[in-house]
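First up is the structure itself, then whatever we jot down about it.
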Amino acid sequence: MPVPRPVGTHQAVEAWRDRAFRRLPRLKVRGERSALRFVNDVGFCFTLSDFGLPVASLYVAVCGRRHPRWPKHTHHDPEIGLTWDLKDRLPAKRLTYYGKLLKGKPTLVSLDLLPAFCALIRDGKGSGDYIVDYRQGRMSRAAVAILEALHDASPLATPDLRKAVMMRDPDRGAEFDRAMAELQRALWIVKVEEVYDPDFYYRWDLLDNWLPGPVAASLDLPRDEAVRRLVAAYLRNAAASQPRFLAGLFGLGGGEVETALRWLEAKGQIRLDQRVRGLPGSWVVWKSLGNATTDERR
């Protein structure tokens, strides 16, 4: 049986990502407008790091280069400062979502793609349906207490929220932090403001209150369509990936990923089981990877 020709090269994949992830000086993020355009184009990105993963990062986009070194003195670094400002400013203006989402890491999500994440993660649950997760053992008691407090009064500053759920004792700090991370990953709560007055703290609200439009849109979005949207958004920007990575990134089962990929292949958006010169194994590639040269993508 003849060996299929490679559809592209590792170099071409990285050049594609250079453009999509803004890893080129001429494409770097310089302010709020270009940052919002970047998030809307990629759909989702990490903030202050890419964690060594082939995922877009706001910090990398601000630097405009691959693998930027983390500075020794972050408080005086202009690229860190701009990234920090943007990852706070965009969500505060309700232009993006921000929270510990993908792999529990700080993530920015475009408002267009947020309904797909909500449909996938919340599975059609409305604001008051969190009790279903608790009864089925998918939510901690501390998380339920936090949600009930925010339903009673929101938004709430972190000190006020800890007081409301009787977790002001330092010994319960770790429990509180775990519950807050749990609720962010489950898309129930969202950080809406960072306050320096004079102490530093966050202000929190229910996602349904802060961004009601995307949450409402998710209620009519079937899970399989949500999976397809997320997988397509990633592949459109990363150019190539493998099913196992996609499953791990989005917290999906292998069967769901396979079904989504077969649907996207039937629609002509991707090609399955492809060879990429310079990379081991079989790859899923975006439809036009083989038509783009390194120079064209740059």
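From least to most packed, judged by other beta carbons within 10 angstrom and beginning with the fewest, K87, K287 follow the order K287, K87. Our helix-only sum for the chain, with -39,500 (n - 2.57) per DSSP H run of n ≥ 4 divided by its residues, gives a mean residue ellipticity at 222 nm of -13500 deg cm²/dmol.
Shown for C45, C63: other C-beta atoms within 10 Å of each C-beta, ranked fewest to most, produce the order C63, C45.
Modelled label positions at H75 and D199, each set 7 Å beyond Cα in the direction of Cβ, lie 2.0 nm from each other.
Taking all pairs of different Cα atoms in the chain, averaging 1/r and flipping that mean, what Kirkwood radius in angstroms comes out?
Hydrodynamic radius (Kirkwood, Cα only) of the chain equals 20.5 Å.
Panel order for E79, E265, by other beta carbons found within 10 Å of each beta carbon, from fewest to most: E265, E79. In a fully extended conformation the segment linking L24 and N40 would gain 4.0 nm over its present Cα-Cα distance, using 0.36 nm per residue. For segment 91-204, the fraction of alpha-carbon pairs lying more than 21 Å apart is 38 percent, rounded to a whole number.
The value given for segment 177-249 is a Kirkwood hydrodynamic radius of 15.0 Å, derived from the mean inverse Cα-Cα separation. A simple spin-label model places pseudo-atoms 7 Å from Cα toward Cβ; at D88 and L272 they are separated by 4.7 nm.
Report the gain in length on full extension from D171 to H151: 0.36 nm times residue separation, minus Cα-Cα distance, nm rounded to one decimal.
My answer for the length gained is 4.7 nm.
Computed extension length for L53-K287: 82.0 nm, one decimal, from 0.36 nm per residue of separation with the Cα-Cα distance subtracted.
The simple Förster model, with R0 at 22 Å and r as the Cβ-Cβ distance, assigns E258 and D129 a FRET efficiency of 0.15.
Summing +1 for each Lys or Arg and -1 for each Asp or Glu, what net charge is found among the other residues whose Cβ lies under 15 Å from the Cβ of R262? The answer is -2.
Readers should treat all values here as calculations from the given coordinates under stated rules, not as data from a laboratory. Nothing here was measured: the structure is a model prediction, and the numbers come from that model. Cβ: placed from backbone, ideal geometry, glycine included. Neighbour counts: every protein chain shown.
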